[in-house]
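Working notes, structure below.
The values are calculated or read from the model by the stated rules, or taken from the named source; none is laboratory data. No experiment lies behind these values; they were computed from the predicted model shown. As a convention, Cβ positions derive from the backbone with ideal geometry for all residues, glycine included, and neighbour counts pool all protein chains shown. Just so you know, the surface numbers come from the protein's heavy atoms only, side chains and all, with ligands and any DNA or RNA stripped out. Shrake-Rupley method; radii C 1.70, N 1.55, O 1.52, S 1.80 Å.
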Amino acid sequence: MHVLHLITTTRSFFEQQISVLEDRGVDCTVIGVPGEYTADSPRTPTDYLRFYPQVLSHVRTGDYDLVHGHYGLVAPFALAQPTRPVVMSLWGTDLMSDMGWLETISRYGARFADAAIVPSPAMSRELDVDHLEIPFGIDTDLFRPIPRRDARERVGWDADERIALFPYDPDRDEKDYPRAERIAALADAELDVRTIEGVPYEEMPYYMNASDLLLVTSKREAGPMAVKEAAACNVPVVSTDVGFVRETVGEVDNCVVSDDDRELAAGLESVLAGSRRSNGREVIDGLSLESMGDRLIECYRTVLEQRGRDTTELSPEQTEDREGTYHGI
């Protein structure tokens, strides 16, 4: 099977999807919107106009079975090519955007694609068309419990500090860093709220394990993936009730989910007074990349069968029925 993936910009969870698909024998070609992207300097309409001819050229010259668009902005380009089935994955800040035009494009893409995928229950509740819920997986070999002292030695943090990890750029308004500082100040405990950015992904498990807890104060989220990564490391989470946080760690020991600042501050105190570890790795289902890969393969197979395409080239393991979550509206 050969799949053409369309993206605006790459993310670690997307790269993991590609890796797990290729491990299962899917030939993946990835093309992105031209131009450099930064949060302060997004791509221009001209960049997107240059993207469409590239998509058409790949579809005409490549032996692709289907096109998989990732993020709502690429939906028009995935759907405008006339010959290949389309799978559309929404990532969160597209469907749940505060920009109405982006939300509209994302809903349009989900409605007219052969299959739509969202990664979380929070997004599933927002999407009013038939779709699949396939959570982003976590590399549980990479994100694993590491002794805190070893992790702090690796990242250069003092062994006796009490640290709440805020794993985002503090200038991102939707992450609400000022609220994180306010909640830490309310807590009856000495606590340093530490931000990190520009850290290589492979080093993130050490920063997770070096922290006493993960602190999330976002105003809105489709995820966040950092909560799953912390859970895989058995690191406690104190978070606002956004995205899939409650579904992920609501029943995990030593984790607190609330929209009340005083309850979140009490959660900080409780974590610091205890073992500063959770049982997330043992409790949470669906963390693995393998589960995500199985469900994506099954989605592709179903779309191709609906279009009358031959799926016999898939291995028996790939064509075996998999248990997923389907949301029919």
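Keeping every protein chain in place, order Glu103, Glu290 by accessible area at 1.4 Å, biggest value first, i.e. largest first.
Glu290, Glu103
For the charge dipole of the chain, defined by +1 on Lys and Arg C-beta atoms and -1 on Asp and Glu C-beta atoms about the Cα centroid, which residue among Ser97, Cys233, Leu21 has the Cα displaced farthest towards the positive pole?
Ser97
Alpha carbon centre of region 86-114 versus region 43-82: separation in Å?
Measuring centre to centre over Cα atoms gives 15 Å.
Need one number: nm distance between label points at Arg111 and Thr29, each 7 Å from Cα along Cα→Cβ, rounded to one decimal.
3.1
Can you give the FRET efficiency for Glu269 and Arg220, using 1/(1 + (r/R0)^6), R0 = 41 Å, r = Cβ-Cβ distance, to the nearest 0.05?
After rounding, the FRET efficiency stands at 0.95.
Once you order the gyration tensor axes a ≥ b ≥ c over the Cα atoms, which shape class does region 1-136 get: rounded for a/c under 1.5, otherwise prolate or oblate by comparing a/b with b/c?
rounded
Rounded, prolate or oblate, given the Cα gyration tensor of region 228-289, with a/c below 1.5 counting as rounded?
Cα axes put region 228-289 in the oblate bin.
Probe 1.4 Å, all protein chains in place: accessible area of Cys299 in Å², nearest 10?
Cys299 exposes around 10 Å² with every protein chain in place.
Can you give the calculated 222 nm mean residue ellipticity of the chain, where each DSSP H run of n ≥ 4 adds -39,500 (n - 2.57) and the sum is split over every residue, rounded to the nearest 500 deg cm²/dmol?
My calculation for the chain gives -11500 deg cm²/dmol from helical runs alone.
In square angstrom, what is the accessible area per residue of region 35-144 with a 1.4 angstrom probe?
45
Please give the helix 45-61 orientation as an angle from the longest Cα principal axis of the chain, in degrees from 0 to 90, rounded to the nearest 10.
Rounded to the nearest ten degrees, it is 50.
Using a probe of 1.4 angstrom, how much of the accessible area of the chain is carbon and sulfur, in percent?
Result for the chain: 45 percent of the exposed heavy-atom area is carbon or sulfur.
If I stretch the segment between Glu174 and Val283 completely, what's the gain in nm (0.36 nm per residue apart, minus their alpha carbon distance), one decimal?
So the extension gain works out to 36.4 nm.
Kirkwood Rh, Cα Rg: Rg to Rh for the chain?
So for the chain, dividing Rg by the Kirkwood Rh gives 0.99.
Taking Cα atoms, how many degrees apart are the long axis of helix 289-306 and the longest axis of the chain, rounded to 10 and kept between 0 and 90?
In the chain, helix 289-306 runs at an angle near 20 degrees to the longest axis.
Ordering Met225, Met99, Met123 by accessible area with a probe of 1.4 Å, largest first, what comes out?
Met99, Met225, Met123
Can you give the accessible area per residue of region 210-298, in Å², using a 1.4 Å probe?
Heavy-atom SASA per residue in region 210-298 reads 34 Å².
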